[in-house]
Amino acid sequence: MKVIIFGATGMVGRGVLRECLLDPRVSAVLTVGRAPTGISHGKLREIVHGDLLDLAPIEDRLSGFDACFFCLGVSSAGMSEKDYRHVTYDVTMSVANTLARLNPGSTFTYVSGVGTDAHGRAMWARVKGETENALLALPLEAYMFRPGYIQPMHGVRSRTRIYRVAYVVARPLYPLLRMLFPGAVTTTERIGQAMITVAERGAPKRILGPSDINSL
């Protein structure tokens with residue numbers, strides 16, 4: 001299958017990219033983002049494009065794909081709702097609407113979060129929930145990934161310094177966390193493998209938590 005990855009330079013996206021390049025089910029990978037990944041591979045092509053709200057200049061290179069793995073996102077910490085909505089809802093829907101038109105019926109996986117709720121009290125949860133609902137209404141096979149705690153694997157690192165430090169501290173504890181809370185934790189490796197599986201054969205439900213991701 002041929003897949004597009006948005007957000008391939010972030011922690012989750014980089015883990016998903018790694019799995020796509022390793023998995024024989026994936027024949028070609030296109031990454032789209034504001035910066036190059038710095039990775040060279042026979043399967044991989046890249047488009048560096050600064051404005052994801054305007055994909056018209058690159059549309060001719062976005063058709064013919066079986067799936068999109070949308071891993072682009074930011075923390076809501078310190079952001080106004082307007083700014084967070086711009087990145088989380090507006091950018092996501094710009095990409096999804098374009099791909100729904102160019103590749104109708106293709107798979108679209110969206111990295112959301114545990115606690116997402118369009119009617120929730122937390123700002124991030126409402127915005128994420130509204131984004132999920134809008135995606136599920138499109139003519140795409142859309143799946144919402146709500147991964148909970150994510151342990152980066154195989155040298156994948158967060159771009160946020162405080163998160164990098166936290167992951168270093170948590171790494172020795174991950175086997176214990178996995179044993180005590182198997183339904184609340186996953187890894188970048190498992191997320192990538194689960195996305196490929198969903199693109200290949202779907203999943204029993206459209207909203208997938210950590211235990212669903214690990215099972216897939």
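Taking only alpha carbon atoms, the chain gives an Rg to Rh ratio of 0.94, where Rh is the Kirkwood radius. Residues whose amide H comes within less than 5 Å of that of Glu46, counting only those at least five positions distant or on another chain, are Thr31 (H built at 1.01 Å from N in the peptide plane). Excluding same-chain residues fewer than 8 positions from Lys43, which aspartates and glutamates have a Cα within less than 18 Å of its Cα? Once the sequence-local aspartates and glutamates are set aside, what remains near Lys43 is Glu19, Asp23, Asp66, Glu200.
Ordered by packing density, taken as the mean number of other Cβ atoms within 10 Å over each peptide's residues, highest first, how do 25-37, 80-92 rank? Write out the running numbers ahead of the final one.
Numbers: 25-37: 17.7, 80-92: 16.1.
Result, highest mean Cβ count within 10 Å first: 25-37, 80-92.
What does a probe at Arg206 reach in the range 100-129, counting residues whose amide N is under 14 Å from the point 7 Å along Cα→Cβ? Answer for the range 100-129: 105-110, 118, 129. Straight-distance candidates among the aspartates and glutamates for linking to Lys205, with alpha-carbon spacing under 13 Å and chain neighbours fewer than 8 residues away dropped: Glu141.
Partners of Lys82 within straight-line reach, counting aspartates and glutamates whose Cα lies under 13 Å from its Cα and excluding those fewer than 8 residues away in the same chain: Asp90. Applying the Karplus relation 6.51 cos²θ - 1.76 cosθ + 1.60 with θ = phi - 60° to the range 56-61 yields 3J(HN,Hα) values of 3, x, 10, 4, 5, 10 Hz, where x marks Gly and Pro.
The amide H of Met153, built 1.01 Å from its N in the peptide plane, has Thr188, Glu189 as neighbours under 5 Å, considering only residues 5 or more places off or on other chains. Spin-label model, Lys82/Leu53: points 7 Å from Cα along the beta carbon direction are separated by 1.2 nm. Across the chain, the relative contact order, built from alpha-carbon pairs under 8 Å that are at least six residues apart, equals 22 percent.
Listed from fewest to most Cβ neighbours within 10 Å, the set Asp60, Asp117 follows the order Asp60, Asp117.
Please find the FRET efficiency linking Leu136 to Leu22, where r is the Cβ-Cβ separation and R0 is fixed at 41 Å, and quote it to the nearest 0.05. Walk me through the numbers on the way to the answer.
Working: r = 30 Å, r/R0 = 0.72.
Once the sixth-power term is evaluated, E becomes 0.90.
The radius of gyration of the Cα set in the range 6-79, together with its Dmax, comes out at 12.8, 41 angstrom.
Amide hydrogen proximity for Ser112: with H placed 1.01 Å from N in the peptide plane, the residues at 5 or more positions away or on another chain lying under 5 Å are Phe145, Arg146.
Residue exposure proxy: Thr197, Thr188, ordered by other Cβ atoms within 10 angstrom of their Cβ from fewest to most, comes out as Thr197, Thr188.
Each reported figure results from applying straightforward, stated rules to the coordinates on display, with no laboratory input. Keep in mind it's a predicted model, so treat the numbers as computed, not measured. A quick note on method: Cβ atoms are made from the backbone with ideal geometry, for glycine too, and the neighbour counts reach across all protein chains shown.
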